[in-house]
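Below is one structure, written out as C-alpha cells; comments come after it.
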Amino acid sequence: MIQQIALHGLLEPMARAQAEIDFIRQFELPDDTSDVSDQEAVSSLGKDLRLTDDDALKKWRSAHLLKEDDEAFIDFARIRVKRKQVINELLKGSSESLFLRYKDRLDRVLYSLIRVESEDQAYSIYYSIDSGEVDFGMAAEKYSCGPEAKTQGIVGPVDLTTPHPEVAARLRTAQPRQIFEPFIADNWHAIIRLEYRFDSELDDKTKEFLGGLVLGSKSRDIANQLLKFHLSGVKLAE
C-alpha cells in the first residue's frame, strides 16, 4: 500500500498530514482550555465540513470508510477540535504580524493585461486606451501576445504571488481602474490595469490558513522522519 501511495506521488502529503496530527496529539494545551464531549466534537466536525444534516455526515463517513461508533471517527473529530485550540495557542501574539507577512498570498486581484514585443506599439496602445479611443479589452484581444488575448486581457482573480514581480509591484498599491504606462516584464512590454481588489481580513478563515502554515512548519521535522521511515519500508520490501 505504501509503495502504491508513493507511486502516485501521495507519500509526502500523507506524511505531512500524519505529522500534523502527531504534533497536535503531543501539544500540551493550557489547563484552562475547555474539553469537549464526543458528541460536541462530532457536531463541530459537521459544521467544519459544512455537512448540513445526519444524512450528509453519514455519506461523508461512508466515503472515508468510517462508522458512526468507530473509534477512529471519534478520534478524528476530537483531533479537529484540538487543532483549532492548538492554532489559537500558536497564533497568540503573532497573528497580526503573520497576516501582514502573508498578505500577498491572501489578497486577490483582478486585472487586465496586454503584452507586446515593441515598446513603440505598447505606448501607442496605452495612449489610445488612456484617451478613451480604444477599449482595453478589445485592444488586448487584438494585440496581446499572451493567453490573456483570449479573455480580452482579464487575468484572475489571483493572489499577488502569482503575477510577474514587476506586475505584482504595481498592483500592490494600485487603485481600481488605474492603468499603468508600459513597462518591461520578462521579454514583453506590458500594460496593466487593476480592475478589482479583494482585500483579505484577519478573520477566522484567515487564521485557519495562517495556523495551517504554522502547524506545517512546527511539524516539518516529524514529517521528514515519517517520510524516511516509509521510504525505508518500501526499499526493504523490494
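Of note:
- Odd one out for H230, checked against (1) assigned by TED's automatic domain parsing to the domain that holds A149; (2) surrounded by 17 or more Cβ atoms within 10 Å (Cβ to Cβ): (1)
- Matching residues, segment 113-153, being among the charged types (D, E, K, R), free of Cβ contacts under 8 Å to residues at least 40 places away in the same chain and assigned to a loop (DSSP other than H, G, I, E, B): E133, D135
- Some residue of segment 195-213 being within 24 Å of the chain's Cα centre (by Cα), aliphatic (A, V, I, L, M) and farther than 30 Å from A19 by Cα: no
- Taking the listed residues V116, V158, the one that is over 24 Å from R197 (Cβ atoms) and of a type outside the set (G, A, S) is V116, with no other qualifying.
- Scanning segment 92-137 for residues that are of a type in the set (D, E, K, R) and either more than 20 Å from H164 (Cα to Cα) or in contact with a Gly (Cβ under 6 Å, 6 or more places away or on another chain) (or both) gives K92, E96, R115, D120, D130, E133, D135.
- Unmet criterion (only one of (1) in a helix (DSSP H, G or I); (2) within 33 Å of the chain's Cα centre (by Cα)) for P163: (1)
- If you go through segment 29-59 and keep only what is more than 26 Å from F209 (Cβ to Cβ) and in a helix (DSSP H, G or I), you end up with D38, Q39, D54, D55, K58, K59.
- Residue count for segment 1-26 under the criterion of being surrounded by fewer than 16 Cβ atoms within 10 Å (Cβ to Cβ) and among the hydrophobic types (A, V, I, L, M, F, W, C): the result is 5.
- Scanning segment 60-78 for residues that are in a helix (DSSP H, G or I) and more than 27 Å from the chain's Cα centre (by Cα) yields S62, E71, A72, I74.
- Taking the criterion of being touching a residue at least 12 places away in the same chain (Cβ under 8 Å), surrounded by fewer than 15 Cβ atoms within 10 Å (Cβ to Cβ) and under 22 Å from R101 (Cα atoms), the residues of segment 173-204 that qualify are Q175, Y196, F198, D199.
The values are calculated or read from the model by the stated rules, or taken from the named source; none is laboratory data. Since we're looking at a predicted model, the values are computed, not measured. Backbone-built Cβ (ideal geometry, glycine too); neighbour counts: all protein chains shown.
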